[in-house]
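In what follows, a single structure is set out as structure tokens and then discussed.
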Amino acid sequence: LAGGSLVQDLAGTRVLVSAGGTREPLDPVRYLGNRSSGLQGWALARVAAARGAEVTLVAANVEAAAPFGCAVVPVGSADELRTAMTDHAPAADVVVMAAAVADFRPTDVAASKLKKGSSSEPSAVALTRNPDVLAELVRRRPAGQLVVGFAAETGDADDDVLGHARAKLARKGCDLLVVNDVSGGQVFGRPGNAVTVLAADGTAVEVPAGSKDVVAAGIWDAVAARSPGRR
Ligand code: CTP
Ligand code: CA
């Protein structure tokens, strides 16, 4: 872990992190997925464990060895991720939703492999909206628990990156939102990162560009500054 001393400032803190990207099945061999590598969530888990936290990592389709000292719960779909997070969240002091959760899933999942058939026209895939896991966790959270969301945003005609992020933070109701500016489209699978940590009270902390471990350390500094409840 580059830079900074490994103070045990998270000793006794129970941390639940989701990482990776969900896959929504179409049939036994196909899915709708996304490009999240899970590496930033992995770094968050690894750094938290190194700083003394007790870490549970809900991992959606991440191709990496379990970080040292973390309990890994593998999941596939958004529904599985939701169940795992709902099971583990009540015992956590800090919940971090770093996973990219699919907004929609195929309405029908075929029991056997779909065939292309004789028509040259493809059939449309009907989609159903997935539940918002982060919003649910916020609604059900125990007293003193800190809930952290993630958002990858670009500016557009309606607002800039931070404007969209502030609206999302308010909509989700979480305590902190870790914001990635993906306007350049340069984030996925890259070793480094840079984020802004927005708080519900309106403060914004810049975590400058660095390796995902260094960025993770900056995010935990922002969390530790809010001293999540120790029970
Ligand atoms: N999230 C979630 N459940 C979903 C969708 C998103 O828990 N069904 C969480 C993500 O893990 C992340 C945060 O919500 O921590 C923000 O995700 P994002 O996709 O940016 O938010 P959405 O509300 O889906 O907004 P958008 O329309 O911009 O995709
Ligand atoms: Ca989304």
Sequence-distant residues sharing a close amide H with D9 (under 5 Å, placed H):
none
Could you go through the range 158-167 in sequence order and give the Karplus-derived ³J(HN,Hα) for each residue, using 6.51 cos²θ - 1.76 cosθ + 1.60 with θ = phi - 60°, rounded to whole Hz, and x for Gly and Pro?
7, 6, 8, 4, 5, x, 4, 5, 4, 5
Would you mind telling me the antiparallel percentage of the DSSP bridges in the chain, rounded to 5?
35
Measuring from the longest principal axis of the C-alpha atoms of the chain, the long axis of helix 39-50 (C-alpha) lies at a number of degrees, nearest 10, equal to 30
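Taking the convex hull of the Cα atoms, report for the range 118-231 its projected area averaged over all directions, in nm².
Across all orientations, the range 118-231 yields a mean hull projection of 11.0 nm².
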Once you charge only the Cβ atoms, +1 for Lys and Arg and -1 for Asp and Glu, what is the size of the charge dipole of the chain about its Cα centre, to the nearest 20 debye?
540
Please give, to one decimal in nm, the separation of the simple spin-label points placed at D9 and D160, each 7 Å out from Cα toward the Cβ.
2.8
Highest average packing first - 153-164, 132-143, Cβ atoms within 10 Å
132-143, 153-164
What residues qualify as long-range amide H neighbours of G38, i.e. H under 5 Å apart, gap of 5 or more or another chain, H built at 1.01 Å from N?
G20
So if I place +1 on the C-beta of Lys and Arg and -1 on the C-beta of Asp and Glu, and nothing else carries charge, what would the dipole magnitude of the range 99-173 be about its Cα centre? I want it in debye, nearest 20.
500
Given a Förster distance of 25 Å, report the FRET efficiency between D201 and L127 from their Cβ-Cβ distance, rounded to the nearest 0.05.
0.10
Would you mind getting me the FRET efficiency between K116 and E80? Use the beta-carbon distance for r and R0 = 30 Å, nearest 0.05.
0.60
Go through 105-114, 76-85, 118-127 and give me the packing order, highest mean Cβ count within 10 Å leading.
76-85, 105-114, 118-127
Residue span R140 to A225: 0.36 nm per residue of separation minus Cα-Cα distance leaves a gain in nm of 28.3 nm
Projecting each Cα onto the charge dipole of the range 14-132 (Lys/Arg +1, Asp/Glu -1 at the beta carbon, about the Cα centre), which of T107, P122, V95 comes out farthest on the positive side?
P122
Which three numbers, in whole Å and largest first, are the semi-axes of the equivalent ellipsoid of the range 1-128 derived from its Cα gyration tensor as √(5λ)?
36, 14, 10
Give me the angle, in degrees from 0 to 90, between the Cα long axis of helix 78-88 and the longest principal axis of the Cα atoms of the chain, rounded to the nearest 10.
30
Can you give the extra length, in nm with one decimal, that the chain gains between E63 and R35 once fully stretched, where that is 0.36 nm per residue apart less the Cα-Cα distance?
8.9 nm
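Over the range 112-231, what is the relative contact order in whole percent, taking alpha-carbon pairs under 8 Å and six or more residues apart?
19
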Between the helical axis of 212-224 and the dominant principal axis of the chain, each derived from Cα atoms, what acute angle in degrees is found, rounded to the nearest 10?
60
With n ≥ 4 as the cut-off for DSSP H runs, can you work out [θ] at 222 nm for the chain, using -39500 (n - 2.57) per run divided by the number of residues, rounded to the nearest 500?
-7500 deg cm²/dmol
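Per residue, how much accessible area does the chain show when a 1.4 Å probe rolls over the protein heavy atoms, in square angstrom?
That works out to 51 Å² per residue.
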For the chain, the percent of all C-alpha pairs falling in each 5 Å bin, from 0 up to the bin holding the max distance, is 1, 7, 14, 18, 20, 16, 10, 6, 4, 2, 1, 0, 0
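The values are calculated or read from the model by the stated rules, or taken from the named source; none is laboratory data. Because the structure is predicted, anything quoted here is derived from the model rather than measured. Here Cβ is always computed from backbone atoms with ideal geometry, including for glycine, and neighbour counts include all displayed protein chains. These area figures cover heavy atoms from the full protein model, side chains too; ligands, DNA and RNA do not enter into them. Shrake-Rupley method; radii C 1.70, N 1.55, O 1.52, S 1.80 Å.
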